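The block underneath contains the structure these notes are about, expressed in structure tokens.
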Amino acid sequence: MSSLEKAMHRTEAFPPPLIQFRDFSFSYKGQELFDKLDLDLTTGCWNLLLGRSGVGKTSLLKALAGLLPDKNYSGEILFGGKKLAPDQVSWMTQDDLLLPWLSVLENSLLGNRLRAWNRSPSPPIAIQEAEALLWNLGLGRHLDKRPAELSGGMRQRVALARTLLEDRPVVLLDEPFSALDALTRNEMQNLAYEQLMHKTVIMITHDPREALRLGHHIYLLKGSPVQLTRIIPPEEAPPRAGFSAELQSCEDQIIAELTLSGETAK
Amino acid sequence: MTFRNVLALIAAALCLLALASPLGSVAGVSLSLWDDVGLLVFALALIAAVLGIVSRKLTGGAADIVMLVLPHSGAWYLIARLGIADQDLQAGYWCLVIASWLAAWIFVDQLSAKKPKSPSLQRFYGVVVPVLFGVWLLILWETLVRGFQVPTVLLPPPSMIGARFAASTAILWADFQQTFLKAVLIGYALGCGSAFLTAILIDRVPFLQRGLLPIGNLVSALPIIGVAPIMVMWFGFDWQSKAAVVIIMTFFPMLVNTVAGLSISSQMEKDMMKTYAAGYWQSLIKLRLPSALPFIFNALKINSTLAMIGAIVAEFFGTPIVGMGFRISTEVGRMNVDMVWAEIAVAALAGTAFYGVMNVIERACTFWHPSFRNG
């Protein structure tokens, strides 16, 4: 029995998943990226989707965020048994997407600004709440600055604040830390983990070490159409630090899997 | 050896040359610099001043004051000297003109070398240098045209243009009202406004992009001298036909730039807006129009000068007896070139002011854009 099969065996002990892809098929520019994919993601923890670039990770995330028009894919995405609605989801990307003409505080409250128009039933986010969160994220002295005056890490923290303030049950992270330098990335990973501990996080990355550091559940996406492989990370709770032998062997395994898939794809 | 010292030594050499050369002749009697006490004092003072600068005896505030007063009083005296009738100016005079110009250059160089701390002083130096440039352009124009007795039909001196300007402010104001306040401003507002709305329409209904953009392109390619007489036939002699020409000229630059500006927002930014439940109009007003502002202001600035040209040229093809284009075409026929230049001056001032106003509004609206940071 290989370690992978052992890992598969262990998963059966987990509680029933709540985000479900059923028969999910999607093709992009004539290439079939997903063919009748079934995937169950556990709520209340971090799900890491790991794969080479171009494998279709971002499309999967966009489908979750409701950004792919329904006619572009087939199958369903369920949350707690019902169709996942776009307003249950918030989305954060590698690019901070801050509006350069708004201050840090105004950017973090972007949702209010956009909802002010369409008579949304949800009450606006309180300014005090935003200020308190920005202070927690170490941006308290920069509330009135514009994005251009901030470092890359600070900008990404503003984007994190904007995502958190929406307070949606599902948070989608599209390689949010990959443009940061190593030290800032480490800080951001800890900060994001701390802030999103009890949310359902679905994060995509191409960095095996990042996946092993943050993921409760790790899925490898490879091939075309995509095949899923489940990796069971070490038992230690994330964020996992250091280079334990167990982490190292997991990383070796992931790299071996992804490299193999790269060869078969050719 | 610094650039400033090179300028100083050349100025000194020219002054020495002026001492040795003939200054000119009045009614056939030859004169040298020694016959004109004022210019002699000026030349000697200039030699002393530039030697002081080269030897670093004259520095700081004293150098600034000397180099401000000396070349400009010298230039004033040189221009006054042009008033003497029936004279023929020679090498000595022109050496002094060039020397005083170089001395003013040294002054500008001294000012640019300063690194003032207070922002108001910085802004003051930022204004003084271009103003001095303009002043010396006028001084050299005046001395060259009058000194070489260029016929005024070819190029009148600025003093003559200024005198004509001052004497005919009533006519110039009437022309300005007719051409700028009516044809240009109304045509500009209508042309840019309708192009802006068309761009939004094209953005909302992509199918129109294929139809309307080529038509806009075609309209902008129409030759203005063909369109203007047709517009006069359609809309009459008054300002309405000129405004129509301005609309045609300004429409396309505004349309193309607004369409380009609206497409600058990335798909990812639009997606981000969607996850905040923003519809088309929220996304347009909160994200895409602000992002498009640098493009839109580009078009507004280009159009501010295009509109002036369009309105003035259109007046060549029929107009009531008022208007800048009308005045230029009739006064050229009567050889009143100074009046033509006065109208050109009005057009240049109005066009520059218009452009400047658009620039100020742009800075206020797109303060966040990288091109304005630290500036």
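The values are calculated or read from the model by the stated rules, or taken from the named source; none is laboratory data. Every value quoted in this text rests on a predicted model; they were computed, and no experiment measured them. Positions of Cβ are generated from backbone atoms using ideal geometry, with glycine treated the same way; all protein chains shown enter the neighbour counts.
Out of the stretch B:208-235, which residues are β-branched (V, I, T) and farther than 24 Å from B:F317 by Cα? Residue satisfying the conditions is B:I215 alone.
For B:L82, the test of being under 24 Å from B:A20 (Cβ atoms) and within 28 Å of the chain's Cα centre (by Cα) is passed.
Number of residues in the stretch B:173-220 that are of a type in the set (A, V, I, L, M) and within 20 Å of B:S304 (Cα to Cα): the value is 11.
If you go through the stretch A:85-96 and keep only what is at pLDDT 85 or above and either of a type in the set (A, V, I, L, M, F, W, C) or part of a loop (DSSP other than H, G, I, E, B) (or both), you end up with A:V89, A:W91, A:M92, A:Q94, A:D95, A:D96. Taken together, the residues in the stretch A:49-72 that are away from chain B (no Cβ under 14 Å), under 18 Å from A:V170 (Cα atoms) and outside any helix (DSSP H, G or I) amount to 1.
Checking the stated criteria, A:R213 turns out to be buried (at least 19 other Cβ atoms within 10 Å of the Cβ), among the basic types (K, R), within 19 Å of the chain's Cα centre (by Cα) and within 30 Å of A:E166 (Cα to Cα). If you go through the stretch B:336-365 and keep only what is more than 15 Å from the chain's Cα centre (by Cα) and under 14 Å from B:M160 (Cβ atoms), you end up with B:N336, B:V337, B:D338, B:M339, B:V340. Can you tell me which residue is surrounded by the fewest Cβ atoms within 10 Å (Cβ to Cβ) among those in the stretch A:82-107 that are more than 9 Å from every other protein chain (Cβ to nearest Cβ) and under 20 Å from A:R22 (Cα atoms)? Among those that are more than 9 Å from every other protein chain (Cβ to nearest Cβ) and under 20 Å from A:R22 (Cα atoms), it is A:K82. Out of curiosity, is B:M358 in contact (Cβ under 8 Å) with a residue 40 or more places away in the chain, surrounded by 13 or more Cβ atoms within 10 Å (Cβ to Cβ) and either more than 14 Å from chain A (Cβ to nearest Cβ) or of a type in the set (G, A, S) (or both)? When the stated conditions are applied, B:M358 passes them. Taking the criterion of being more than 25 Å from A:A132 (Cα to Cα), surrounded by fewer than 22 Cβ atoms within 10 Å (Cβ to Cβ) and of a type in the set (A, V, I, L, M, F, W, C), would at least one residue in the stretch A:179-201 satisfy it? So far as the stretch A:179-201 goes, yes, one or more of its residues are more than 25 Å from A:A132 (Cα to Cα), surrounded by fewer than 22 Cβ atoms within 10 Å (Cβ to Cβ) and of a type in the set (A, V, I, L, M, F, W, C). If the condition is being closer than 19 Å to B:V219 by Cα and at the interface with chain A (Cβ under 8 Å from one of its Cβ atoms), then the stretch B:250-288 contributes no residue at all. Answer yes if at least one residue in the stretch B:355-369 is at pLDDT below 95 and over 20 Å from B:A299 (Cα atoms), and no otherwise. So far as the stretch B:355-369 goes, no, none of its residues is at pLDDT below 95 and over 20 Å from B:A299 (Cα atoms). Close contacts from the stretch A:142-161, counting a first residue that is within 25 Å of A:V89 (Cβ to Cβ) and a second that is surrounded by 19 or more Cβ atoms within 10 Å (Cβ to Cβ) and polar (S, T, N, Q), with Cβ to Cβ under 7 Å and a gap of 6+ residues or different chains, come to A:P147/A:N107; A:V158/A:N107; A:V158/A:S108; A:A161/A:S108.
Looking at the stretch A:108-130, can you tell me whether even one residue there is touching a residue at least 24 places away in the same chain (Cβ under 8 Å), more than 14 Å from every other protein chain (Cβ to nearest Cβ) and under 25 Å from B:L287 (Cα atoms)? Yes, the conditions are met somewhere in the stretch A:108-130. Of all the numbered requirements in (1) surrounded by 18 or more Cβ atoms within 10 Å (Cβ to Cβ); (2) modelled with pLDDT under 90, B:D86 misses one, and that requirement is (1). So in the stretch B:300-340, with the set limited to residues that are in a helix (DSSP H, G or I) and among the hydroxyl-bearing types (S, T, Y), which one is surrounded by the fewest Cβ atoms within 10 Å (Cβ to Cβ)? Here the answer is B:T330. Set side by side, the residues B:L96, B:L132, B:L121, B:L111 differ, and just one is surrounded by 21 or more Cβ atoms within 10 Å (Cβ to Cβ) and in a helix (DSSP H, G or I), which is B:L96.
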